[in-house]
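Here is the structure we will look at.
The values are calculated or read from the model by the stated rules, or taken from the named source; none is laboratory data. What you see is a predicted model; the values in this text were computed from it and never measured. Cβ placement follows ideal geometry from the backbone for every residue including glycine, while neighbour counts extend to all protein chains displayed.
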Amino acid sequence: MGSNLTVVITGASAGLGRAVAHEFGKIGARIGLISRDHAALEATGVEVEHFGGTAATYAADVSDDRAVEKAAAYFEERLGPIDIWVNNAMVSVFSPIKEMEAPEFRRVTEVNYLGYVHGTLAALRRMLPRNRGRIIQVGSALAVRSIPLQSAYCATKHAIVGFTDSLRCELYHDESDVKAIVVHMPAMNTPQFTWVKSRLPNLPQPVPPIYEPEVGARVIVHAACTSSPRREYWVGGSTVKAIVGQKLFPGLLDYYLGKTGYKAQQREEPDSPDRQDNVWHPVSTTLGAHGPFDRKSRSFSLQAEVSKHRGWFVLGCGLLGAALCAKRFFAR
């Protein structure tokens, strides 16, 4: 099936997007790659070809709806009808809300949320008349359970879920075979933490446990290729615990994250005020799919593999994990 797929990936030049491109390349897919960084896109395209896929690149900022539409038209002309659209591009700001500036909230919203809307609309214009296709939204545990210092990012991930829920309802109403799927990711070892804008005293990091991006990428490819995809996938045990914990005791998590969330998102090394960030412009880097946390990251998740097939088992594990976390907290 893979060699017959035409896939578009936004945010494809680094991190999870680049890992997703690699995984689709391994099954021989034709892949359209979108990001702002032309040089990094070209490098990703070379890697896709090395893995056995076919690549085409289009440098664009997903906050520009016309640019996204032009990219979609370009890919259909070069690669054929789009079967899978993966919305993944993102930026973020690590900062207390009281220190955030309005343009930063606006920019994160334009990329993370409206970028997904623009990609979804471009995909629907092509998929609905053909009555086939899948739109995969890269979500996050933070789409359900927000944490401190990432308010703009968390808010946009929540918005993506609300938007996609509405879309699914309309697809059911229209009896369409187009599918909308959300894949909620855990903390991942990506270059995001080398170029994210931050007001924290120390260098930012993902909240452990940290997973390699290939763990999430493999779930995305499964959601694209399986005959009966689920509406949502939860990747990693930490994602399951966050989502289920939010449903069971959100107030307790507010308190717990307020006490632990600041330290958990910072390394021991001090940050530099001169470090470049990618909120407004791309930052060149030698990093590819992985960030600087390989030695701390997990390359496999049993839960992620099981989640492809047994949703009830994943939920049961999440309930158990949430109960154990609550027990440890109250035992203090």
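Points to keep in mind about this one:
- Which listed residue is touching a residue at least 60 places away in the same chain (Cβ under 8 Å) and over 20 Å from the mean Cα position of the chain (by Cα), from F51, F75: F75
- Selection within the stretch 37-59 - over 17 Å from I82 (Cα atoms) and surrounded by fewer than 22 Cβ atoms within 10 Å (Cβ to Cβ): D37, H38, A39, E42, A43, V46, E47, E49, H50, F51, G52, A59
- The condition of being modelled with pLDDT of 95 or more, in contact with a Ser or Thr (Cβ under 7 Å, 6 or more places away or on another chain) and part of a helix (DSSP H, G or I) holds for only one of V111, V68, that being V111.
- The number of residues in the stretch 132-160 that are of a type in the set (V, I, T) and either over 22 Å from N278 (Cβ atoms) or in contact with an Asp or Glu (Cβ under 6 Å, 6 or more places away or on another chain) (or both) comes to 3.
Residues checked against (1) at pLDDT 95 or above; (2) touching a helix residue (DSSP H, G or I) at 6+ places or on another chain (Cβ under 7 Å):
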| position | (1), (2) |
| --- | --- |
| G236 | yes, yes |
| G258 | yes, no |
| V279 | yes, yes |
| K308 | no, yes |
| V314 | no, yes |
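- Any hit, the stretch 30-48, residues being in contact with a Ser or Thr (Cβ under 7 Å, 6 or more places away or on another chain) and over 24 Å from V283 (Cα atoms): yes
- R18 being part of a helix (DSSP H, G or I) and without any contact (Cβ under 8 Å) to a residue 40 or more places away in the chain: no
- Output for the stretch 71-103, where each listed residue is closer than 25 Å to H22 by Cβ, charged (D, E, K, R) and in a helix (DSSP H, G or I): E76, E77, R78
- Every listed requirement among (1) among the aromatic types (F, W, Y); (2) within 14 Å of the chain's Cα centre (by Cα); (3) over 20 Å from S35 (Cα atoms) is met by W85 save one, (3).
- Pairing each residue of the stretch 239-257 that is more than 14 Å from P186 (Cα to Cα) with any residue that is among the charged types (D, E, K, R) and not in a helix (DSSP H, G or I), provided the two are 6+ apart or on different chains, yields C-beta distances under 7 Å for G245/R145; Q246/R145; L253/R145.
- Candidate set from the stretch 18-61 (those that are within 22 Å of E110 (Cβ to Cβ) and of a type in the set (D, E)); member that is modelled with the lowest pLDDT: D37
- When the residues of the stretch 231-287 are filtered to those that are assigned to a loop (DSSP other than H, G, I, E, B) and among the hydrophobic types (A, V, I, L, M, F, W, C), the one that is surrounded by the most Cβ atoms within 10 Å (Cβ to Cβ) is V235.
- Test: residue in the stretch 221-228 that is more than 27 Å from T109 (Cβ to Cβ), β-branched (V, I, T), in contact with an Asp or Glu (Cβ under 9 Å, 6 or more places away or on another chain) and assigned to a helix (DSSP H, G or I): yes
- Residue in the stretch 186-195 that is of a type in the set (V, I, T) and more than 19 Å from Y153 (Cα to Cα) present: no
- Criterion (in contact with a strand residue (DSSP E or B) (Cβ under 9 Å, 6 or more places away or on another chain) and within 30 Å of T226 (Cβ to Cβ)) met by exactly one of R134, R145: R134
- Restricting L171, L200 to those that are in contact with a Leu (Cβ under 8 Å, 6 or more places away or on another chain) and either of a type in the set (A, V, I, L, M, F, W, C) or over 28 Å from P282 (Cβ atoms) (or both) reduces the list to L200.
- Among the residues of the stretch 45-65, the one identified as within 20 Å of Y116 (Cβ to Cβ) and in a helix (DSSP H, G or I) is D65.
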